[in-house]
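The values are calculated or read from the model by the stated rules, or taken from the named source; none is laboratory data. Since this is a predicted model, take the numbers as computed values, not measurements. Cβ: placed from backbone, ideal geometry, glycine included. Neighbour counts: every protein chain shown.
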Amino acid sequence: MPGHCANASVTRPPAAVTGLILAGGRGSRLGGIDKGLLPIDGVPLVQRVAQRLAPQVDSLLVSANRNLDVYRALGFRVLEDGPFLDAGPLAGLRVGLQVCATSWLLATPCDMPYLPTDLCQRLLNAAAPSDRRARVPFDGVRHHYACVLLPKTALAQVEHCLDDGRRRVQDLLQTIGWLEVDFAEDLDVTDPGASSQHPRRAFSNINTAADLAALGFRTDLP
């Protein structure tokens, strides 16, 4: 079970954080497309996520396993999973922690275009800087494990999980300990492009064509 944060609103001095967008998935529920490059109203999904995340972190990385030149052309520093290809998000976390030059790494999936603009600071504020437990947002219904703030020191545990064939972020969290950070009251997103029929929420993600339709996005799927 996670620890529970009762003081996420406490203001503390900002800490240095590296951002990592996880874009190495197969996109199997969207016909195998590279989801990070899916054009949403003409803008690649990874760029939409970066627009929300980049102002919150000191530097930004992208974990990807195909179309690397396309991601680089968009201006991203791209990391590959290496020997753990197709091992899920932990493989991306591994390479992110390896090159991370800060004390913390904030990872987010490439398919959440409405991430909170204060996500990083609120996760940091969930506990004292000396507390090296991971932090995961909770929306009142579910935990969003792929939006995880990890200490640089978690690298060894990530590698142990991968070596043991454990590929879920939850497996890692059970090993290093984690805090639940409440975002339940901050889900609604102000978006001039959204209609009342297509509400957009902070942790809305895109896995299927139905998800795209629910958000009212226009795109051309293969």
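Scan region 102-116 and give yes if some residue there is surrounded by fewer than 20 Cβ atoms within 10 Å (Cβ to Cβ) and within 17 Å of residue 148 (Cα to Cα), otherwise no.
yes
Take the residues in region 166-188 that are in contact with a Lys or Arg (Cβ under 8 Å, 6 or more places away or on another chain) and part of a loop (DSSP other than H, G, I, E, B), then tell me which one is surrounded by the fewest Cβ atoms within 10 Å (Cβ to Cβ).
The extreme case among them is 177.
Looking at (1) among the small types (Gly, Ala, Ser); (2) in contact with a strand residue (DSSP E or B) (Cβ under 9 Å, 6 or more places away or on another chain); (3) over 16 Å from residue 205 (Cα atoms), can you tell me which one residue 75 breaks?
Going through (1) among the small types (Gly, Ala, Ser); (2) in contact with a strand residue (DSSP E or B) (Cβ under 9 Å, 6 or more places away or on another chain); (3) over 16 Å from residue 205 (Cα atoms) one by one, residue 75 breaks only (2).
Which members of region 121-165 meet the condition of being without any contact (Cβ under 8 Å) to a residue 12 or more places away in the chain and either buried (at least 18 other Cβ atoms within 10 Å of the Cβ) or in a helix (DSSP H, G or I) (or both)?
156, 163
Just the residues that are farther than 25 Å from residue 171 by Cβ and touching a residue at least 24 places away in the same chain (Cβ under 8 Å), please, taken from region 67-94. So that I can check it myself, show each step before the final result.
Step one: filter region 67-94 for residues farther than 25 Å from residue 171 by Cβ, giving 67-78.
Scanning region 67-94 gives 67, 70, 71, 74, 76.
Residue 139: modelled with pLDDT under 95 and on the phi > 0 side of the Ramachandran plot, yes or no?
It is false that residue 139 is modelled with pLDDT under 95 and on the phi > 0 side of the Ramachandran plot.
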